[in-house]
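*Asks:* Pasting a structure below so you can have a look.
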Amino acid sequence: MNALGGFLRARREAITPAEVGLPTGARRRTPGLRRAELAALAGVGVVYLTRLERGRHPHPSAQVIGALADALRLSSHERVHLHRLVKAGGGTTCAGATAPRPVRPTVLALLDRLEPSPAFVTDARGDVLARTAGFRWLAAPTGLLDVERPNLARYVFGDVRARTAFPDWERVADERAAALRAAADLGDG
């Protein structure tokens, strides 16, 4: 399933008909709203909504996205996520192992100004792209910087020293997993 369609379906299934002023009815085969109910609330066709959920139309207009967000009663964070999924083309593709993009000179200048404080820059996949000497001093003993291209996810999940470096390893692992899922959904992973 594509990320955009999965998100729309999950949000549709999470809302009860009563929450949007529709009768609940005794027999419902699906949790939450039916496609036809959401389509009517958003003012779009059922076939169109089905195509969106199945990833066959990954670039809906801003008006359609706004209408769906209103009908689904999305929070501001969920709306931003929905727009990112659309911008990423529905999140159906996942980039291969590509070289990290270069860090902008303004970001490098900011890191220079932060010296000797520990600071670093990563991309969506967790590749450490740039760092201060203070971060190197702090992170080197943990083993994170032992490889040519340090990556937070690879370190957290693939290096036993990470459990010592992060006393709250389970929370850090959850955050890294969520970041990887988001990067993949947005076509950055």
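*Asks:* For helix 62-71, what angle does its Cα long axis make with the longest principal axis of the chain, in degrees from 0 to 90 and rounded to 10?
*Replies:* The angle comes out near 70 degrees.
*Asks:* Which stretch or stretches of the stretch 132-151 have amide N atoms under 19 Å from the point lying 7 Å from Glu115's Cα along the Cα→Cβ direction?
*Replies:* The answer is 132-140, whose backbone nitrogens lie closer than 19 Å to the label point.
*Asks:* Any chance you could give the angle, 0 to 90 degrees and rounded to 10, that helix 3-14 forms with the longest Cα principal axis of the chain?
*Replies:* Computed tilt is about 60 degrees.
*Asks:* Still on this structure, please answer the following. Test of understanding: what is the full-extension gain from Arg51 to Arg163, defined as 0.36 nm times their sequence separation minus their Cα-Cα distance? Write out the running numbers ahead of the final one.
*Replies:* Numbers: separation 112, 0.36 × 112 = 40.32 nm, distance 4.39 nm.
Roughly 35.9 nm would be gained on extension.
*Asks:* With all protein chains present, how much of the accessible area of the stretch 28-86 (probe radius 1.4 Å) comes from carbon and sulfur, to the nearest whole percent? Write out the running numbers ahead of the final one.
*Replies:* Numbers: 1730 of 3250 Å².
Exposed carbon and sulfur together represent 53 percent of the surface.
*Asks:* Continuing with this model, one more query. Can you list, largest first and rounded to whole Å, the semi-axes you get for the chain by taking the square root of 5 times each eigenvalue of its Cα gyration tensor? Spell out each step's value before the answer.
*Replies:* Values: eigenvalues 349, 66, 42 Å².
One finds semi-axes of 42, 18, 15 Å for the chain.
*Asks:* For Gln63 and Ala178, FRET efficiency with R0 = 25 Å and r from the beta-carbon atoms, rounded to 0.05? Don't skip to the end; give the middle numbers.
*Replies:* Values: r = 30 Å, r/R0 = 1.20.
After rounding, the FRET efficiency stands at 0.25.
*Asks:* What whole number of Å gives the distance from the Cα centroid of the stretch 1-42 to the Cα centroid of the stretch 51-82?
*Replies:* Spelled out, the Cα-based centre of one part sits 13 Å from the other.
*Asks:* Helix 169-185 sits at what angle to the longest principal axis of the chain, using alpha carbons and giving 0 to 90 degrees rounded to 10?
*Replies:* 60 degrees
*Asks:* Averaged per residue, what accessible surface does the chain expose to a 1.4 Å probe, in Å²?
*Replies:* On a per-residue basis, the chain sits at 60 Å².
*Asks:* Relative contact order (percent) for the chain, with alpha-carbon contacts under 8 angstrom and 6 or more residues of separation?
*Replies:* Over the chain, the number comes to 20 percent.
*Asks:* Skipping prolines and chain starts, which residues have an amide H placed within reach, meaning under 5 Å, of the one on Asp127, given they are 5 or more residues away or on another chain?
*Replies:* So Asp127 has HN proximity to Leu152.
*Asks:* In addition: Give, as a single signed number, the net charge of other residues whose beta carbon lies under 12 Å from the beta carbon of Arg9, with Lys and Arg counted +1 and Asp and Glu -1. Don't skip to the answer; put the middle values down first.
*Replies:* Values: positive: Arg11, Arg12, Arg34, Arg35, Arg54; negative: Glu13, Glu53.
Counting the neighbours of Arg9, the net charge comes to +3.
The values are calculated or read from the model by the stated rules, or taken from the named source; none is laboratory data. Everything numeric here is computed off the predicted structure, so don't read it as measured data. Positions of Cβ are generated from backbone atoms using ideal geometry, with glycine treated the same way; all protein chains shown enter the neighbour counts. All accessible areas refer to the heavy atoms of the entire protein, side chains included, with ligands and DNA or RNA removed. Shrake-Rupley method; radii C 1.70, N 1.55, O 1.52, S 1.80 Å.
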